[in-house]
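Peer 1: One structure follows; several queries about it will come next.
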Amino acid sequence: MSLVPRALATALVARRPLVAWPTTSGLVWCLAVCATGNLKGQCPDGTPPPCGARPARVAAAPAANTVAVMYLDNATRDTSDAYLADGLTEEITTKLGQLGRLAVTSHSTMRRYRDATPEPTVLGRALRVAQLVSGSVRRSGHRIRVSVELVRAKDGVQLWADDYDRSDADLLAIEAEIARAVATAIAGRLLPDEQATLAARPTRSGGAYDHLLRGNFFMAQRTPASVRRAIAEYEAATSLDPGFALAYGRIGFAYALFLDWSWPWPGLGRDSLLTLGTAAAGHALQLDSQATDGWVARGLLQSFLHPDTFDGVTEALARATALDPNNAEAHHIYGVNLYMLGRVEPAAAEFRRALQLDPQRAITWDNLAWLLKYQHRIAESVRAADSGLAADPGAYYLYADRASMRLAAGDTAGAQADAEAAVRTSPAEYRSYAEPVLAEVEAAKGDSAAARVLLAATIARLPDPEHPNYVAAYGLAVAFLRLGDPDRAIAILEHARPAGVRAWFITRDPGFDPIRDTPRFRALVERTRPPAAP
């Protein structure tokens, strides 16, 4: 279990309680009802008829310290250099975001505008920013030319521009100089600690840093093949700089992703992946005890080292978010693990914080949707899933998850459309999670034969049909329960892997309410419940 228009997404996150939000039609309905009740004969603003036109609300101008960094164009003909333009963009964004005096739009939000070239005024209004950074990167042999400009969003007036023509070994210096120039143009003279923040370097090796950017490019694609390539790039970085803590931390996190998403690695089993990831995360923290990526990796890996208790998980992830409060991924992962432990409100707070930092995080909208579903707030969970798919229509896992939520809401047709979209768009590694949802839809429609064919095909393709991954086990169990086979459903849950907290977590889904009070299901819940869970 795993990215509504941006304005609505921001509004949802800004409110502390997770409440239902009225639609525009709902507001109109409310005004109509009020006008026929106690407020009959009044205008919407409480004044007597005739009702005059209400003055249009004028949006406040964005604060002067707001800025968005557009993805730099890859001006090189070689598409293999795309990682360079992306990497420079994201690292400049990260550096600017470390300055408390600036409010910087996340790079994942900006990813939506990577291939678009709207007018500055249009983009500024959409992003609610006062300034925009744009430019291009061109590589020629070992030389890199970066052209950058800062423009005022409201009228497109150029505020600053410069060209940087350097060796490709000077990427870190280029980033620091651009960030410093942009920050100075917006905020004025920088304080000594701000200058130190922008000048900080994770490595002194230009070659190692180039491999890090390549690794980040592949890691962002979040497929088994791309994350394996990311690990190879990070390992190449550490071979050039054995003291590169950031690269070791990302190696640990990459191995943790294989475990978390149950991706297969030919020739490597779960224990080997866990050993490799734990060693990399440990080495990162040995080199730098304040390496956020190292703490995130350690926290996630601890949940697999101690699947029955999650010992050390919350401590490591709390440390990561304390070290880097603006790290949306750290807040997201912390929220997921709090959520699995049954700590709903703290988990919701972490999800909200991640979305405040990055409103376009589809995976966080997805987990927020599941949290709401587990609270039996089905309509709200569907809306959260809608927000995720509005932010990232390519988030295939959200189609599967929204199908489950729509089915719980009684929307069988909508659930079928989503389930079919999930099966159609999912990579092969995720098909075993998408197909059971479609089987559940078929069962809900009364076509038990079609549902059983889908389930049989899914089970046959599992790496270990006797011990399915807990997410696949959830989908299979709910589908068999829908088919009227509770014994098969519970047996699947009893054999899910990893056992422990994750197995307990999936039993809380409303789909299991029909068997929640049966002795066998209650025994499963108590056997897998973590020690500190409510």
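Here, each number is a calculation from the coordinates, and none is a lab measurement. Computed from a predicted structure; not experimentally measured. Backbone-built Cβ (ideal geometry, glycine too); neighbour counts: all protein chains shown.
Peer 1: At q = 0.18 Å⁻¹, work out log10 I(q)/I(0) for the range 66-201 with the Debye formula, treating every Cα as an identical point scatterer and leaving solvent out; two decimals please.
Peer 2: Once normalised to I(0) and log-transformed, intensities are -0.99.
Peer 1: Round to a whole angstrom and tell me the spacing of the C-alpha centers of the range 94-136 and the range 154-174.
Peer 2: The range 94-136 and the range 154-174 have Cα centres spaced 15 Å from each other.
Peer 1: Using a 10 Å cut-off around each Cβ, can you sort 263, 295, 370 from fewest to most neighbouring Cβ atoms?
Peer 2: On the way: 263 19, 295 28, 370 22.
Ranked by crowding around the Cβ, least crowded first: 263, 370, 295.
Peer 1: Moving on to the next point. For the range 189-332, what does the alpha-carbon gyration tensor say about shape, rounded, prolate or oblate, given a ≥ b ≥ c as the root eigenvalues, a/c under 1.5 as rounded, and a/b over b/c as prolate? Numbers along the way, then the final one.
Peer 2: Values: a/c = 1.97, a/b = 1.30, b/c = 1.52.
Taking the square roots of the gyration eigenvalues as a ≥ b ≥ c, the range 189-332 is oblate.
Peer 1: Which shape class applies to the range 365-504: rounded if a/c is under 1.5, otherwise prolate when a/b exceeds b/c and oblate if not, where a ≥ b ≥ c are the square roots of the Cα gyration tensor eigenvalues? If you can, show how the numbers build up before the last one.
Peer 2: Numbers: a/c = 1.44, a/b = 1.33, b/c = 1.09.
Judged from the Cα gyration tensor, the range 365-504 comes out rounded (a/c under 1.5).
Peer 1: Residues with beta-carbon under 10 Å from that of residue 292, excluding residue 292: net charge, scoring Lys, Arg +1 and Asp, Glu -1? Intermediate results must be reported in sequence, preceding the final value.
Peer 2: Values: positive: 319; negative: 288, 293, 324, 329.
Its environment carries a net charge of -3.
Peer 1: While we're here: Using each residue's phi in the range 443-454, evaluate 6.51 cos²θ - 1.76 cosθ + 1.60 at θ = phi - 60° and report the 3J(HN,Hα) Karplus result to the nearest Hz, with x for Gly and Pro.
Peer 2: Result, ordered by residue: 5, 5, 7, x, 9, 5, 5, 5, 5, 5, 5, 4 Hz.
Peer 1: Provide the convex hull volume over Cα atoms per residue for the range 274-352, in Å³. Kindly include the intermediate steps, with their values, before the conclusion.
Peer 2: Values: hull volume 5.6 nm³, N = 79.
For the range 274-352, the hull spanned by Cα atoms encloses 70 Å³ per residue.
Peer 1: Starting from the Cα coordinates of the range 436-476, work out the convex hull volume and express it per residue in Å³.
Peer 2: So the per-residue hull volume is 53 Å³.
Peer 1: Hey, another quick one. For the range 358-440, just list the percent of Cα-Cα distances falling in each 10 Å bin from zero outward, please.
Peer 2: Pair shares across the bins are 23, 54, 23, 0.
Peer 1: What is the extension gain from residue 185 to residue 345, computed as 0.36 nm multiplied by their sequence separation minus the C-alpha to C-alpha distance, in nm to one decimal? Walk me through the intermediate numbers first.
Peer 2: On the way: separation 160, 0.36 × 160 = 57.60 nm, distance 4.06 nm.
Fully extending the segment from residue 185 to residue 345 adds 53.5 nm.
Peer 1: How large are Rg and Dmax for the chain when calculated on the C-alpha trace, in angstrom?
Peer 2: 25.1, 78
Peer 1: While we're on this one: Based on the Cα gyration tensor of the range 427-534, what are the three equivalent ellipsoid semi-axes, each the root of five times an eigenvalue, rounded to whole Å and given largest first? Show your work: numbers first, answer last.
Peer 2: Numbers: eigenvalues 103, 53, 22 Å².
Three semi-axes, in Å: 23, 16, 11.
Peer 1: Can you list the residues, at least 5 places off or on another chain, whose amide H is less than 5 Å from the amide H of residue 160, using H built in the peptide plane?
Peer 2: 150
Peer 1: What does the range 347-394 give for Rg and for Dmax, in Å, if only its C-alpha atoms count?
Peer 2: 9.8, 27
Peer 1: In percent, how large is the relative contact order of the range 349-434, given Cα pairs closer than 8 Å and 6 or more residues apart? Show your work: numbers first, answer last.
Peer 2: Working: 106 pairs, mean separation 18.8, N = 86.
It comes to 22 percent, rounded to a whole number.
Peer 1: Looking at the range 66-201, what % of its DSSP beta bridges pair antiparallel, to the nearest 5? Walk me through the intermediate numbers first.
Peer 2: Details: 19 of 26 bridges.
Taking every DSSP beta bridge with both residues in the range 66-201, the antiparallel ones total about 75 percent.
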